[in-house]
Structure formats: C-alpha cells, structure tokens
Amino acid sequence: MQTIPTQLSAAFRKAINEAFGVDADPLVGQAQNPQFGDYQANCAMGLAKQLSAAGNKTNPRAVAQAIVEKLDLKEMATTEIAGPGFINVKLNPAWLACQLQQVRSDARLGVPSVEQKERVVIDYSSPNVAKQMHVGHLRPTNIGDAISRIVEFQGHEVIRQNHLGDWGTQFGMLLRYLEEVEGSGEAQVADLEGFYRAAKKRFDEDAKFADEARAWVVKLQGGDARARELWTKIMNQSRSHFEQIYRRMNIKLSRANERGESFYNQFLPDVVRELKEKGVAEESEGAIVVWVKGFEAPLIIQKSGGGFGYATTDLAALRFRSRELGATRIIVVTDARQSQHFRMFTDAARRAGWLEGVEFNHIMFGMILGEDGTPLKTRSGETVKLVDVLDEAESRALEMVKQKLADRGEQMSEQEQKQIAAAVGIGAVKYFDLNRDPIGNYVFDWAKMLSLEGNTAPYLQYAYARIRSIFRKAGQEASADAAIVLEHPAEVALAKHILRLGEVIGLMVRELKPHYLCTYLYELSTRFSGFYENCPVLQSEAQVRASRLALCDLTARTLALGLDLLGIEHPERM
C-alpha cells in the first residue's frame, strides 16, 4: 500500500505534466496548519519562475490553478489554492475509511516494503572485553538496535555487526594476571571490573609484571596456544555479561554478529599495502600515514615500530563490509566525540575506492548527563554500570505497579507484577533515550522517564493496555467484517494519523532518527485519548460500536508494531 504522500505526489506530478509538459517535483508535504488541510503542494512558485525564465511569463496562483484543473484525485481529497499559490489538500473521511479497511487486513498495517532492497550493515553496541558495560553503552546499543529493526522491517537485508574491543596491548596485562591468579586457584575473572582493576594495579606498580605483560601481547599476536586459551576465557566471561544485558534490553545481537578488533587483525598489513599502492598512504618519519585535507596532523595507519592503531582496524572493517559482506549501505553508531576520527578514516577509504557504490552513515550520539550537567556518574564519581541502571529501573517500576494495584484495589501475582515492571522499567529507559535527536546530550531523569503522563514509554504502554482492556470488557475482539465509518472529528483525526505510519517509517529510515517514530506513537496515543473521550465505544449502538472497536483495534496494533520496532515491550495489563 502506497503512503498518502506517494499517492498525492504521483497525482500532482501527472497534473503538472499535463498542464505544462514538464516533469517536476510537486513538493508535497504535511500541512503546517491542519485548519487549512492535511497536505500541501508547494511547487507553484518554483514552476512559475521556471516557466517565466523560458519565456512563458506567469504567476504562482495561475500555475496552481492550472495544476488543480488537471488534477484527478477522484474520491481521495478536495483541494484549495491559498496565498501566493499553495495548494492545500483535505482528505475525504469516506476515502480514509476505505484505506483503513485495507490496512486492517494487512499484517504490515499498510506499510509498504521497499521495491529495491539494499544490503545494510549496521555496526552498534561495541562493548569492551574484560569490562562491564556502562551507561555510555546504552545509546549505541539502543539506537543501533532500533534502527536495525526499522530498516529490516522496511524490507532491506540487515547484517548486524558488534565491533567488540577484544584486542590490543591491554590484553597482555590481563593475560599475565589471569595466568597468575588462575595458577594460584584465585581466578577472579568473573568479577570483570575487579579483575581489570587488579591487573592494572599490578601493571602500574610492578615493573617486572609490566615487562612480562608486554611479552604476553607478542604471544597473543603470534598465535601462542596458551595465550589464546586465556584470551578465550576472558572473552567468554565478558560475553556472559553483555549477553545478559542484551536479553534484558531485548537487543537483537548474538554471537553470530560479533566481529571484534581481533577478527580484523589478520587484514591490517594488507590494508596498509593497498593504501600505499593506491597513493593514499605514504611514509612519514618512519610511520605510514594518510594526509587528510583540512587536518594538520595525519592519520597514522602504521606506527614507526610496525604496530597498527584503531584507524587501521576501522579501515579494515570498512573494507571488509564493503567487499566481503557486499554492503550497499553502512551505518555505524558511535559517540559524537569520534567525529574527527571518522571524517579522517572514511576520507582515506573513499580515496581507496572502498566506498564506491556504498552509502556510508555515521550516527553520532551525545552524552547522558547527571543533574549537574556533567557526564552521569555514581556518587563516588565512578562510571555507572548499565546493569545497575536496569536493576533500578525495574525496582522503581515495580513500586509503581504495586501502588497502582493498591489504588485500584486489584490483585495480581508477584510473577506478573515483576514481568510488567521489567517491561515498563526497561522500556522507560530505552524510550527516554530514543525519544530525542541522537546528536544531543540529555539529563538522566527517573521521574520523567517513568511518568505515566507525557511522551514516555509508560504512557504509550498504558495506552495500549487501556485499549486491550476495552476488548476484555466487551468480551470480544473487533469484527474483521465491521465497516469503518468516520463521522466525528476525533475519529477522522485518529484515522489520518494511523495512516501516516508508513510515511514516518520511511522518513526515519532516510534520516536515521528513531525519535520520529517516538513522536508519531505519542501523537497517536493522544489522538486516541481524544477519540475515546468524545466517541463512546461500548455504549454505542451496534454498527457504531463495531466501527469504533475496529478503530481501537487498529490503534492498538499500530502502537504494538511501533513499540516492537523500538524494541520495547507492551504488556496487555498495567
């Protein structure tokens, strides 16, 4: 099913061609003021200039009038010319009702699949091995997962990539310490943070230990069996931590998606060789570098001692995703503070030809701040662990659930209370993060994110649960054969918004901003509230009741789909 802007654009483009013999973009967009219409075509002024320049002097209103005279929208909408030549479009309620009938029978709720499928590689989350995930990992994990779900739903082939920090000089320190404590029967690797701190303390204070740690780096890079064995133990313990986080957050990442820095280590010499052969890289003071226009310092891809850095690994990953994975679009989600690094190494990749025919998108996100406006920390000044955030979210949500049950005098099993609390608490954290432009910083606020009022996950989840309660009270689901009739303005407003889902998803995939979908779902919930307050459902006579139950069903299904695409659960009861 085509979106409404797509249908309108096709009709306007045809009318423009018939009126003036040119193919032009009608510039159809949502009307800024609903009082004047639902959509607006803003092409008349540009066309008037184009025609006048060609010797056919005219004015925008005359152009708009000529377009309207050729326009054939059938029963879809009526039009009106406003101002200097804006063409306002008002959708007909009867046509909207017919569209809703089609949407009801479609598992995708009328959202069209793309005609040209792309292979999209999405790099997100990227935790560091031997360290617990902290609150800073919330954003890349959350944003990347939502984008991967929505791009996949649109019909593209998505290849998820978890670029683990599982290689580098710090592993010499960790391997040396693990060998020491493992041999004494005091293995501490299960406590990742404690294990890392203890190893770092030994490295900083014991020169002999530090020398031996550096030797372990050489062993690991050389493929030594014992080094690999110890490295694997650290990897497995780390996985057990972040896989639990992924399950709790409903994140679609598995071991099959892992390609850490260790995977690309084998390709680094060849990356340097190819960049040199193509004239992108050159030797400078014993190192191999890439000079990037606009930057004084070069991008170092091989150090004077022969070692490689993060830039070389990132170049190898990009080349692999383009050549071996066959990506036509690559999306990487990282902290905005890496913007300069990305500008430099992607410039090198483009000059090497590795991004030819590939769209590259770097989604940069801002920081999570505390109430004082600085990066969020614990009271003792330490980084906040992500697991602690999730634990507290569930605990606070459980208190909310218990209070609501007490207020309503209802009973619910402890198990169901905990299930709802997990859905509400973790959903609240995820939605609070997604419901803003990724590039901006935001202040972490428990009261706002768990509020049942305003643009929050609990508000949307409650809206869904309230609709499901209507069907429980009715003792039936909506009839598939029910005719939808839109007579009250609140019914019409709700119908228009339901039909915008495909339009919003298309916008979100183009601009890679999940908050567009959040805003859509919030507005859907508020329109449903307006409908529910003004249009009695269960108390109406039979035909009206059936129509309004169908509208309730469509709203609930749309909310459920939207929340699913954000990776947020929607309990049947709250």
Q: Could you please let me know if Gly286 is more than 22 Å from Ser262 (Cα to Cα) and without any contact (Cβ under 8 Å) to a residue 24 or more places away in the chain?
A: yes
Q) Quick check, is Lys252 surrounded by fewer than 18 Cβ atoms within 10 Å (Cβ to Cβ) and touching a Ser or Thr at 6+ places or on another chain (Cβ under 7 Å)? A) yes
Q. Can you tell me which residue in the stretch 323-364 is surrounded by the fewest Cβ atoms within 10 Å (Cβ to Cβ), limited to those that are over 22 Å from His156 (Cβ atoms) and aromatic (Phe, Trp, Tyr)?
A. Phe342
Q. Exactly one of (1) farther than 25 Å from Leu561 by Cα; (2) surrounded by 15 or more Cβ atoms within 10 Å (Cβ to Cβ); (3) of a type in the set (A, V, I, L, M, F, W, C) is unmet by Leu96. Its number?
A. (1)
**Q.** Enumeration of residues in the stretch 463-482 that are among the small types (Gly, Ala, Ser) and either buried (at least 18 other Cβ atoms within 10 Å of the Cβ) or touching a Pro at 6+ places or on another chain (Cβ under 7 Å) (or both)
**A.** Ala463, Ala465, Ala478, Ala482
Q. Restricting the search to the stretch 443-462, which residues are surrounded by fewer than 18 Cβ atoms within 10 Å (Cβ to Cβ), of a type outside the set (D, E, K, R) and outside any loop (DSSP other than H, G, I, E, B)?
A. Val443, Trp446, Ala447
Q: Take the residues in the stretch 40-94 that are part of a strand (DSSP E or B) and over 24 Å from Gln2 (Cβ atoms), then tell me which one is modelled with the lowest pLDDT.
A: Ala82
**Q.** Enumeration of residues in the stretch 505-521 that are farther than 18 Å from Ile363 by Cα and crowded, with 22+ Cβ neighbours inside 10 Å
**A.** Leu521
Q: Identify all residues within the stretch 233-256 that are under 12 Å from Leu164 (Cβ atoms) and touching a strand residue (DSSP E or B) at 6+ places or on another chain (Cβ under 7 Å); write none if there are none.
A: Leu253
Q: Kindly indicate whether any position in the stretch 109-120 is touching a Ser or Thr at 6+ places or on another chain (Cβ under 8 Å), among the acidic types (Asp, Glu) and in contact (Cβ under 8 Å) with a residue 60 or more places away in the chain.
A: yes
Q: Assess whether Gln411 counts as being free of Cβ contacts under 8 Å to residues at least 60 places away in the same chain, more than 21 Å from the chain's Cα centre (by Cα) and not in a loop (DSSP other than H, G, I, E, B).
A: no
Q.
Being aromatic (Phe, Trp, Tyr) and touching a helix residue (DSSP H, G or I) at 6+ places or on another chain (Cβ under 8 Å) is the filter here; which residues of the stretch 243-294 pass it?
A. Tyr246, Tyr264, Phe267
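The values are calculated or read from the model by the stated rules, or taken from the named source; none is laboratory data. Remember, predicted model here, so these are calculated numbers, not experimental data. Here Cβ is always computed from backbone atoms with ideal geometry, including for glycine, and neighbour counts include all displayed protein chains.
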